[in-house]
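Engineer: Submitted below is the structure of interest, expressed as structure tokens.
The values are calculated or read from the model by the stated rules, or taken from the named source; none is laboratory data. Keep in mind the model is a prediction, meaning the values are calculated, not measured. We place every Cβ from the backbone using ideal geometry, glycine too, and count neighbours over all the protein chains shown. The area values use the complete protein model at the heavy-atom level, side chains included, leaving out ligands, DNA and RNA. Shrake-Rupley method; radii C 1.70, N 1.55, O 1.52, S 1.80 Å.
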Amino acid sequence: MYSGAAAAAGPPRRDFISVTLGPEEAVGVGGYNNSKAWRRRSCWRKWKQLSRLQRSVILFLFAFLAVCGVISYTSMGEAWKSITNKSLDEQRTEQEIPGLKLANPAVLPAPQKADANHGDYPELSLQKPPKPPHIRRGPSNLQIKAPWRDMRPKTRHDTIRAVEELVEADKVEKTEKSIISWRGAVIEPDQSTEPPSSKIKEPEKPSSVEAEDQKEPVPVNERQLAVIEAFRHAWKGYKDFAWGHDELKPLSKSYSEWFGLGLTLIDALDTMWILGLKDEFEEARKWVANDLVFDKNVDVNLFESTIRILGGLLSTYHLSGDSLFLEKAKDIGNRLMPAFKTPSKIPYSDVNIGRGTAHPPRWTSDSTVAEVTSIQLEFRELSRLTGDEKFQKAVDEVMKHVHTLSGKNDGLVPMFINTNSGQFTHLGVYTLGARADSYYEYLLKQWIQGGKKENELLEDYMRAIEGVKKHLLQRSEPKKLTFVGELAHGHFSAKMDHLVCFLPGTLALGAHNGLAADHMKLAEALIETCYQMYAQVETGLSPEIVHFNLHAQKGHKDVEIKPADRHNLLRPETVESLFYMYRFTGDKKYQDWGWEILQNFNRYTRVPTGGYTSINNVQNPSNPEPRDKMESFFLGETLKYMFLLFSDDIDLINLDKYVFNTEAHPLPIWVPA
């Protein structure tokens, strides 16, 4: 009501009467009419009649259901978005490489821990029985904890156990996979066909989860024990006469230096771990902890220091879980980065790891193609472990650049690339030997390492193998051995480096990972040739280079050796390929061939006081002319592959879970993000 003064000044006064109607008058018909207005008033009365506690409980339930609804909607939205994005990615991949189907996707489950004890090598037990072929194994532990640090009475002296959980079948079936093809190969990409991001979100750590499916170990066999004895004999020479230095000179009982960084010791760390040599490993670890210093004024070769030192440290970190090796790997990795400061981003060949400067060789501004494209596995893994993307970014840029270059011949690349212009040089010369070999190897292995997603790498690898078939394959006389020659300005040369004997193993690895079946057929033919490079020589040891006869000549073998090429450096390539071939086929002849080679190494290269030596003349059994040098790769690669070749345990460095770098250091295949 307004006051009198307000009424005088304002509008005319109005009077109101309040009338309360009964239920009948309100509805007009004397009952409930189901109108919305009635329902609202009725519900409100009932709500007001509830106690405060009852109302609070109801409100809480409504709030809880609302929150659950929001969460469910968000989850379904993300899942739908993922499916939609994946479908778009698959369509894009089908356009890029029509038809590939991956037969063996490599996906690592969560890393696990294997505890074990082990004593001296005659009592070593490190293998597990091969699994039945119908059981699909999951990929491996990224790290196997040191068996001698977590010793338990219930486990018996394992050297190394790659123990992993079985992959449930429904996990495999749930993944929708696109079909892509490349020259007859059928491949199913894992999870996504997008390349792994070079942006690392957080560092990866080895896991120490207790394994649930511990298996009884398979005893070390006599041939493996012979490898252990050979390693110990070589190590004795190194320890007695070259400890902490790069390479042993066994005849003069001295040493030689290349970088002054203990190359042989670092190269052999993961070999000792795999062979179960506890005492030798611990002694070497102490040297790494106390004496390995990278802050020194010395030039090192980027490629050699990456594959031997960085690769060896990373591999040993994964196998042992010891952070000492990762810290050392980070140190050397950072010190090698100045090599990439070039106008083209193609790295220089040499780095001064103390001064932080880099330069090409004195005689040229070129780098070799193999060297700049065979450091990727190591730097990519360093980024994954540290969370620092700079390492992977640097090496990925190199691969992307090489992918776009002209000057290739059906996927085959020249041997040199200029660090200023970024272009290939010395065009027209194509080989799978020195200066180009590991380019092809790392195309496949990077693709496998990254989860089989980086299609450019696969394209380049497949084209290159087609180029090999088209331009470099020939057959010798009289045994018609298939070999890989060289092409120089259109002229074919029947020359094959022992280095090329990496190729059968690489082809077999590709076939195992779903590539064309004819790759395995070619691998079988080429490994026979590599074996004949030993068998047709007087000492049973291969020379560095052979020439094949293309025309049958009475009294001539398939293999001809020139005086300048008849040296043997204790190289691993043939034994490496024998390991892959035996692992994938189970054919015992590959083990027998490797056993012959080991016996001949013992017969012609073993030095009684310790160590093994390279020789100058594989054609003279009475005087092979020892060179007085044991290369670090004899311990890092040759004997490691020998030991693995003679093993029947597929989980001893499982090839669905690890990929070897070109110095035989196993690195884990990545878990999809």
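Engineer: Given an 8 Å cut-off on Cα distances and at least 6 residues of separation, report the relative contact order of the range 230-668 as a percent. Walk me through the intermediate numbers first.
Structural biologist: Details: 844 pairs, mean separation 72.9, N = 439.
Once normalised by length, the contact order is 17 percent.
Engineer: Arrange the peptides 310-319, 379-388 so that the one whose residues have, on average, the most other Cβ atoms within 10 Å appears first. Provide the component values of the computation, followed by the final result.
Structural biologist: Numbers: 310-319: 28.2, 379-388: 22.4.
Most protected by this proxy first, the peptides run 310-319, 379-388.
Engineer: Can I ask one more? Considering only protein heavy atoms, with the full assembly of protein chains and a 1.4 angstrom probe, order V300, V57 by accessible area, largest first.
Structural biologist: Working: V300 0, V57 75 Å².
The ordering from most to least exposed comes out as V57, V300.
Engineer: So which GluC sites (Glu not before Pro) in the range 218-290 pass both tests, a DSSP loop state and at most 14 other Cβ atoms within 10 Å of the Cβ? Working shown, then result.
Structural biologist: Details: sites: E222, E229, E247, E257, E280, E282, E283; in loops: E257.
Listed in order of number, the matching sites are E257.
Engineer: Rounding to the nearest 20 debye, state how big the charge dipole of the range 585-673 is about its Cα centre with +1 on each Lys and Arg Cβ and -1 on each Asp and Glu Cβ. Can you show the working numbers first?
Structural biologist: Working: 8 positive and 12 negative charges, 52 e Å.
Once rounded to the nearest 20, the dipole reads 260 debye.
Engineer: Quote to one decimal, in nm, the extra length available between D592 and V67 on full extension: 0.36 nm per residue of separation minus the C-alpha distance between them. Intermediate results must be reported in sequence, preceding the final value.
Structural biologist: Values: separation 525, 0.36 × 525 = 189.00 nm, distance 6.75 nm.
In short, 182.2 nm is gained.
Engineer: From the phi angles alone, apply the Karplus equation (6.51, -1.76, 1.60; θ = phi - 60°) to the range 60-68 and give each ³J(HN,Hα) in whole Hz, x where the residue is Gly or Pro.
Structural biologist: Here the 3J(HN,Hα) series is 4, 4, 4, 5, 4, 5, 5, 4, 4 Hz.
Engineer: Highest first, please rank the peptides 505-513, 400-408 by the mean number of other Cβ atoms sitting within 10 Å of their residues. It would help to have the intermediate numbers written out before the result.
Structural biologist: Working: 505-513: 24.8, 400-408: 13.9.
Descending mean neighbour count gives 505-513, 400-408.
Engineer: Using the structure shown, select from K345/K452; K278/K657; K400/K453 the pairs with a Cα to Cα distance greater than 19 angstrom. Intermediate results must be reported in sequence, preceding the final value.
Structural biologist: Details: K345/K452 25 Å; K278/K657 24 Å; K400/K453 15 Å.
Too far apart for the 19 Å limit: K345/K452; K278/K657.
Engineer: With a 1.4 Å probe and all protein chains in place, put D649, D592 in order of accessible area, largest first. The partial results should precede the final answer.
Structural biologist: On the way: D649 5, D592 65 Å².
If we order D649, D592 from most to least accessible, we get D592, D649.
Engineer: Right, next: Can you list residues whose amide H is under 5 Å from A358's amide H, if they're 5+ apart or on another chain and H is modeled 1.01 Å from N?
Structural biologist: N352
Engineer: Could you calculate the contour length gain from R55 to A564, that is, 0.36 nm times the residue separation minus the distance between their Cα atoms, to one decimal place in nm? All intermediate terms of the calculation are to be shown ahead of the outcome.
Structural biologist: Numbers: separation 509, 0.36 × 509 = 183.24 nm, distance 9.76 nm.
Full extension from R55 to A564 adds 173.5 nm.
Engineer: So what does H426 come to for accessible area, using a 1.4 Å probe and Å² rounded to 10?
Structural biologist: The accessible area of H426 comes to roughly 110 Å².
Engineer: Tell me, what is the 1.4 Å probe accessible area of D331, in Å² to the nearest 10?
Structural biologist: Roll a 1.4 Å probe over it and D331 shows about 50 Å².
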